[in-house]
Amino acid sequence: MSNYSLKAVDLSKNFGRRLIFKNLNFEIENCGVMGISGANGSGKSTLVKIIAGINSPSGGKIIHSSDGKEITYEKLHNYIGFVSPYLVLYEEFSAWENLDYFAKIRDVKFNNDKIEYLLNKFLLFDRKDDLVKTYSSGMKQRLKFIFALMHSPELIILDEPTSNLDSAGKDSVYKIIEEESKSSIVILASNEENDLMLCSKELKLENYKNNK
Amino acid sequence: MQDLYQFLDKNAIYIVMIIVLIVWTGIFLYLFNIDKRIKNVEKEMNGDKNEK
Amino acid sequence: MSSKAYALYKKDFYSELRTRYAINALVMFIIVAISVILFSIGNEKITQSLTSGLFWVVIFFSAMSGLARAFVSEEERGTSLTLHLIAAPSTIFSGKLLFNLILVFCMNIIIAILYAALFDSFIIKNFALFIVSFVLGNVGLATASTIIAAIISKAGAKGTLYPVLSFPILLPLILTAVQLTLLANQGASFGDAKFELAIVFCYDVIMLTGSYLLFDFVWKD
Amino acid sequence: MFWKITLFILLAFVSVAGIAFPIVPVPHTWYEFPLIPGLKENAKIIFFHVPTAWLSAVAFFMSTLYSIKYLRKKNLDDDAKSYAAAQLGIIFCVLATITGAVWAKFAWGSYWSWDPRQTSIFALLLIYGAWFALRSSIESEEKRATLSAVYSIIAFLTVPFFVFIMPRIMIGLHPGSESIEGGKVIQTASPVVDFKMNGNMLAIFFLSLIGFTILYFWMWTIGYKSILIREKINKQSIRE
C-alpha cells in the first residue's frame with residue numbers, strides 16, 4: 001500500500017489563445033482508478049501529458065506527493081508508468097534490450113524475474129529477442145504495458161490502453177488495471193464505455209470548457 | 001557612373017543626404033508594415049460585424 | 001546522475017551502430033569536402049592561414065551534417081516521449097552532449113589526420129598547443145550544436161534550419177579556433193596564444209552553463 | 001502628447017543641424033563644426049548612421065530581455081514585445097549596414113572591407129536572420145515563443161565574444177577604433193583615427209541619439225500593440 005497522492009489545483013491549459021480546459025481540480029489518494037472522458041480533440045491526451053509532467057500547464061499546478069513529501073520534477077519520471085498509442089519504443093532494439101536500456105537510464109535495478117513474469121503475461125516471452133520493428137501493432141502495445149509496469153510505478157497513466165488490441169488482449173489489460181488499482185493510482189483516458197466501466201471516479205472534460 | 005562617383009566625392013553633403021534618405025525609407029517600411037497589420041485587424045473586425 | 005547519462009549515451013551509441021543514422025553521412029561528407037578542396041587547390045601552394053581556415057570549414061560543415069541527429073532522430077521516430085518518461089532533462093542533456101562530444105572528437109581526429117597527410121602546409125609545430133586548442137574547440141562545438149539540435153528538433157524545416165541557426169552562434173568559436181590552429185602551425189608558444197585560449201575557454205564555460213540551464217525550457221513542451 | 005511634440009522638435013532640429021551646419025577649419029560660433037581630417041562633409045553621417053547601429057543593439061537587447069521575461073512568466077504578451085523589438089532591430093540593422101557601406105565607399109574606397117565593426121553588425125544581422133527563420137518554421141505559438149526565446153538568449157551570450165576577438169583578427173578602419181598589435185594599443189595608420197568631435201558636435205550627436213531612441217520606443221509601442229490587438233481579435237473570432 002503506497003501513500004501516493006495526486007492533486008490538481010486550478011489547472012488550465014490553452015494552446016496559444018485557444019482554451020482547452022480551465023479550473024480543473026481533483027484529488028486522488030493511495031489507490032483507485034480515475035477515468036478521463038471527452039470527445040476526440042477535447043484535450044484528454046494533453047491532460048494526461050500534463051499529469052505526467054511532459055507538458056506544462058498554462059496555469060495552476062499538479063502536485064505529486066509520496067508519503068506526504070512532494071516529488072520534484074527531476075525525480076517524477078520514476079514514479080510514473082505511461083501507455084499510449086503515440087508512445088514509440090526503440091525499433092532498432094529487441095524488446096529485451098529496450099527494457100534493459102530503460103532500466104539503466106532510469107537507474108533502477110533490472111529485475112529479471114519481474115520482467116520475465118511480465119513478458120509471459122503479455123505473451124511476448126518467445127519474441128523477446130526479436131527487434132521491435134518486426135512486431136505487429138498489438139504486440140507493440142503490449143510491450144508498452146511492460147515498459148510502463150517494469151519499475152513498479154505508483155501512478156499508472158493509460159491513454160486509450162485498449163487501442164490496437166484484440167479481445168484477449170483487452171481482457172488481460174482489464175485484469176491488469178484491476179490488479180494494479182489495488183496498490184496504485186491508475187488514470188485512464190478513454191472514450192470506450194467498457195474502459196470507463198472500471199473507473200471509480202470519472203472526470204468529464206466537457207465540464208471544464210466554459211469561459212466564465 | 002564614374003561622373004556620379006566623382007560628383008559625390010567632391011560634394012560629400014549629398015552622401016549625407018543619401019544616408020538620411022535611406023534611414024527614412026527604413027522607418028517608412030516599418031510604418032507600412034504596421035499599417036498592413038492594422039488594416040488586417042480592421043478587416044477582421046468588420047467581417048465579424050457582418051456575420052452577426 | 002552520471003551513470004544515467006552514460007547509460008543514455010550507450011543506448012545512443014548502439015542505436016547509431018545499428019541504424020547508421022549519422023556516421024555514414026558524416027564519413028561521406030568528410031571525404032567529399034576534403035577532395036573538393038584538394039581538387040580546387042590543384043598544384044598550387046597555399047598559405048598556412050588558408051589551410052587552418054579550410055581545416056575549420058570542413059569541421060564546421062561536417063558537424064552540420066552529423067550533430068543535429070542527436071535530437072532530430074528521436075523526434076522523427078517519435079521516441080522523445082519515451083525519453084521524457086524515463087529520464088530527467090538534465091540526464092538527457094548530459095547524455096546527448098556526451099554522445100555529440102564523442103562524435104565530434106572521432107570526426108575531428110579523422111579530419112586532422114587526413115589534413116596532416118594530404119596538405120603540405122598543414123604542419124603542426126607546437127603540438128601541445130594544437131591539442132589544447134583542438135580539445136577546447138571541440139567541446140565548444142559539441143555544446144553549442146547540442147542545444148541548437150534540441151531547438152530545431154522541436155521546429156519544422158529541420159534540415160535547412162540547422163546551419164542557419166548554428167552559424168552565428170559558432171562564429172566566434174570558429175574564428176578563434178582558426179587563429180589558434182594557425183598559431184600552432186606557426187610554432188607559437190602558449191604565451192602568444194593565451195588570449196585566444198582564454199576566449200575559447202570562456203566560450204565553452206558560458207555555452208555549457210547557458211545551454212544546461214535553458215535545456216529544460218526546450219525539452220518540456 | 002508632450003513628449004511626442006518634444007520628439008518632433010528634437011528630430012527636426014537634429015535633421016536641420018546635422019545637414020545644414022557648415023564645417024569650418026576653426027569653429028567660432030556654436031553652429032559650426034570642426035573639420036576632421038580625412039572625413040570632410042560626410043562626417044555628418046554620424047548623426048544618422050550611429051543612431052541606427054545603436055538602436056539595432058538596443059532592440060536586440062530588449063528582445064532578449066523580453067525573451068527572458070517570457071520564459072519566467074510564460075505570458076505571450078512578452079513574446080509579442082520581444083518580436084516587435086526584433087522586427088525594429090532587423091530594420092535598423094539593415095539600415096546601419098547599408099548606410100555604413102555607402103559611406104565606406106567614399107571614405108575607404110570600397111563598400112565592404114571586413115572592418116571589426118562591419119563584421120560585428122554582419123554577425124548581428126545573421127543572428128536576426130536566423131531568429132526570424134526559426135520563428136517562421138514553428139506553428140504552435142507557445143513553442144515558437146519558447147524556442148525563439150531560448151535561441152535569442154544563446155545568441156546574446158555570444159555577442160561579447162565578437163567585441164573581444166574582432167579587433168584581434170582585423171585591423172580597424174572605423175573612425176574612433178584602435179587596433180591591438182603585439183599586446184600594445186596603437187592607433188592605426190588610417191587617416192580618420194583622429195576622430196575628435198568638439199563640444200557642440202557632441203551635443204547634437206547625443207541629442208540625435210536621444211531623439212532616435214525615443215522614436216524607437218514609440219515605434220516599438222505601436223508595433224507590439226498592433227500585434228496584441230490582432231491576436232485578441234483572432235482569439236475572439238475563434239470562440240464565436
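The values are calculated or read from the model by the stated rules, or taken from the named source; none is laboratory data. What you are looking at is a predicted structure, and each value in this text was computed from that prediction instead of being measured. Neighbour counts run over all protein chains shown; Cβ positions are idealised from the backbone, glycine included. Just so you know, the surface numbers come from the protein's heavy atoms only, side chains and all, with ligands and any DNA or RNA stripped out. Shrake-Rupley method; radii C 1.70, N 1.55, O 1.52, S 1.80 Å.
In plain terms, the C-alpha convex hull of chain C casts an average shadow of 12.2 nm² when viewed from every direction. Ligands, DNA and RNA excluded, the heavy atoms of C:Val32 present near 80 Å² of accessible surface to a 1.4 Å solvent probe.
Rounded to the nearest 10 degrees, what's the angle between the helix B:13-51 long axis and the longest principal axis of chain B, both from Cα atoms, 0 to 90? Once rounded, the angle reads 10 degrees.
Accessible surface comparison of A:Ser152, C:Ser15, probe 1.4 Å, protein chains only, largest first: the order is A:Ser152, C:Ser15. Per residue, the protein assembly as shown exposes 45 Å² of accessible surface when a 1.4 Å probe is rolled over the protein heavy atoms with every protein chain present. Label-to-label distance, A:Ala168 versus D:Leu35, with points set 7 angstrom from Cα along the beta-carbon direction: 10.2 nm. Under 5 Å from the amide H of A:Ile20 lie the amide H atoms of A:Lys13, A:Asn14, A:Phe15, each residue being 5 or more positions distant or on a separate chain, with H modelled from the backbone and absent for Pro and chain starts. Taking Cα atoms, how many degrees apart are the long axis of helix C:89-118 and the longest axis of chain C, rounded to 10 and kept between 0 and 90? The two axes meet at around 20 degrees. In the assembled protein chains, D:Ser136 presents an accessible area of approximately 100 Å² (probe radius 1.4 Å). The distance separating the Cα centre of the stretch C:92-120 from that of the stretch A:165-206 comes to 50 Å. Axis of helix A:137-149 versus longest Cα principal axis of chain A: the two differ by about 80°, to the nearest ten degrees.
One chain, two ends: C:Gln186 and C:Ile131. Fully extended at 0.36 nm per residue, the span grows by 18.4 nm beyond their Cα-Cα distance. The spread of Cα positions in the stretch D:1-67, taken along each principal axis and listed from longest to shortest, comes to 49, 32, 14 Å.
Comparing C:Ser65, C:Ser133, C:Ser35 in a Gaussian network model of chain C (Cα springs below 10 Å), the most mobile by mean-square fluctuation is C:Ser35. Helical runs (DSSP H, four residues minimum) scored at -39500 (n - 2.57) apiece and divided by the length of chain A put the mean residue ellipticity at 222 nm at -9000 deg cm²/dmol. The mean number of Cβ atoms from other chains found within 10 Å of a Cβ in peptide A:70-80 is 3, as a whole number.
The simple Förster model, with R0 at 35 Å and r as the Cβ-Cβ distance, assigns A:Lys204 and A:Phe15 a FRET efficiency of 0.95.
For the stretch C:129-139, the Karplus equation 6.51 cos²θ - 1.76 cosθ + 1.60, evaluated at θ = phi - 60°, returns couplings of 4, 4, 4, 4, 5, 4, 5, 4, x, 5, 4 Hz by residue, with Gly and Pro reported as x.
A viscosity of 0.890 mPa s and a temperature of 25 °C, combined with the Kirkwood radius over Cα pairs in Stokes-Einstein, give a translational diffusion coefficient for chain B of 172 µm²/s. Distant-in-sequence amide contacts of A:Tyr4, defined by a placed amide H-H separation under 5 Å and a gap of 5 or more residues or a different chain, comprise A:Asn30, A:Asp67. Rg and Dmax over the alpha-carbon atoms of the stretch A:96-212 stand at 15.9, 56 Å. A Cβ-based charge dipole, computed about the Cα centre of chain C with Lys and Arg at +1 and Asp and Glu at -1, lands at about 420 debye. Here the simple spin-label model places points 7 Å from the Cα toward Cβ, and for A:Ala39 and D:Phe206 these points are separated by 6.5 nm. For the chain pair B and D, the buried solvent-accessible surface (1.4 Å probe, both sides summed) amounts to about 2800 Å².
Using Cβ point charges alone (K and R +1, D and E -1), the dipole size of chain A about the Cα centre works out to roughly 860 debye. With each label modelled as a point 7 angstrom along the Cα→C-beta vector, the A:Glu27-C:Ala116 pair spans 6.8 nm. Each Cα pair under 8 Å and six or more residues apart adds its sequence gap; the mean of these over the residue count of chain A is a relative contact order of 33 percent. Taking packing as the residue-averaged number of other Cβ atoms within 10 angstrom, the listed peptides C:180-192, A:42-54, A:178-190 run from highest to lowest as A:42-54, A:178-190, C:180-192. For the protein assembly as shown, a crude dipole built from +1 on the beta carbon of Lys and Arg and -1 on the beta carbon of Asp and Glu, taken about the Cα centre, is about 1120 debye to the nearest 20. Sequence-ordered 3J(HN,Hα) estimates for the stretch C:178-185 from the Karplus curve with 6.51, -1.76 and 1.60 and θ = phi - 60° stand at 4, 4, 5, 4, 4, 4, 5, 5 Hz, glycine and proline given as x. Solvent exposure of A:Asp107, expressed as accessible area, is near 90 Å², computed with a probe of 1.4 Å over the protein chains only. 3J(HN,Hα) along the stretch A:96-111, derived from phi through the Karplus expression 6.51 cos²θ - 1.76 cosθ + 1.60 where θ = phi - 60°, amounts to 4, 4, 3, 5, 4, 5, 4, 4, 5, 5, 6, 6, 10, 5, 7, 8 Hz, with x in place of Gly and Pro.
Per-residue shielding of B:23-34, expressed as the average number of other chain Cβ atoms within 10 Å of the residue Cβ, stands at 5. In chain C, Cα pairs under 8 Å separated by at least six residues give a relative contact order of 28 percent.
The translational diffusion coefficient of the stretch A:1-125, from Stokes-Einstein at 20 °C and 1.002 mPa s with a Kirkwood hydrodynamic radius over alpha carbon pairs, comes to 127 µm²/s.
Of the solvent-accessible surface of the stretch C:42-129, computed with a 1.4 Å probe over protein heavy atoms with every protein chain present, carbon and sulfur atoms account for 68 percent.
Heavy-atom accessible area with a 1.4 Å probe sorts D:Glu139, A:Glu193, A:Glu29, largest first, into D:Glu139, A:Glu193, A:Glu29. Distance from the Cα centroid of the stretch A:59-111 to that of the stretch B:4-41 is 58 Å (rounded to whole angstrom).
Based on C-alpha pairs under 8 angstrom that are at least 6 apart in sequence, the stretch A:128-199 has a relative contact order of 33 percent. Chain D packed on chain A takes about 700 Å² of accessible surface away from a 1.4 Å probe, both sides summed. When every Cα-Cα distance of chain A is counted in 10 angstrom steps from zero, the calculated P(r) takes the values 8, 34, 36, 19, 3, 0 percent.
Here chain A has 46 percent of its accessible surface on carbon and sulfur atoms, given a 1.4 Å probe and all protein chains in place.
Charge tally for A:Ala52 (other residues, Cβ to Cβ under 12 Å; Lys, Arg +1; Asp, Glu -1): 0. Rounded to the nearest 5, the antiparallel percentage of DSSP beta bridges internal to the protein assembly as shown is 50%.
Computed on protein heavy atoms with a 1.4 Å probe, the accessible areas place D:Arg135, D:Arg72 in the order D:Arg72, D:Arg135, largest first. Dividing the radius of gyration of the alpha carbons in the protein assembly as shown by their Kirkwood radius gives 1.04 for Rg/Rh. What the Cα convex hull of the stretch D:25-153 gives, in volume per residue, is 115 Å³. Averaging 1/r over each pair of different alpha-carbon atoms in the stretch A:68-127 and inverting the result gives 13.4 Å, the Kirkwood hydrodynamic radius.
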